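These notes are about the structure you will find just below.
The values are calculated or read from the model by the stated rules, or taken from the named source; none is laboratory data. Note that the structure is predicted; figures quoted are calculated from it, not measured. Because the Cβ atoms are built from the backbone with ideal geometry, glycine has one as well, and the counts that use them run over all protein chains shown.
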Amino acid sequence: MTIAATARPHSLRRSTLTQKQIKRGAHRSTRELERAIREYVSITNEAPTPFIWTKTADQILASVAQYRERISDTGLAGYKLQAH
């Protein structure tokens, strides 16, 4: 076992802990929140993993269309989705 192989699980645990702290933490200032976010990004960049799409573009667009149909009575459906 190499040092990198043994160090990685610790980084992942720290990353998960930091992510939870950002979500649940009561940050006293914007600066404190920014520090927590920068720490999270730094830790997750130590052992990056690729994002894997679990749905096709057609499935995602169908889901969005279904959602828009569901909320059409609420007045929120007037917002237009723009492709970038």
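Taken over region 35-58, residues that are in a loop (DSSP other than H, G, I, E, B) and more than 14 Å from the chain's Cα centre (by Cα) amount to 4. For region 8-33, filtering for residues that are part of a helix (DSSP H, G or I), among the charged types (D, E, K, R) and at pLDDT 70 or above leaves 5. Ala36 satisfies every condition listed in (1) surrounded by 11 or more Cβ atoms within 10 Å (Cβ to Cβ); (2) modelled with pLDDT of 85 or more except (2).
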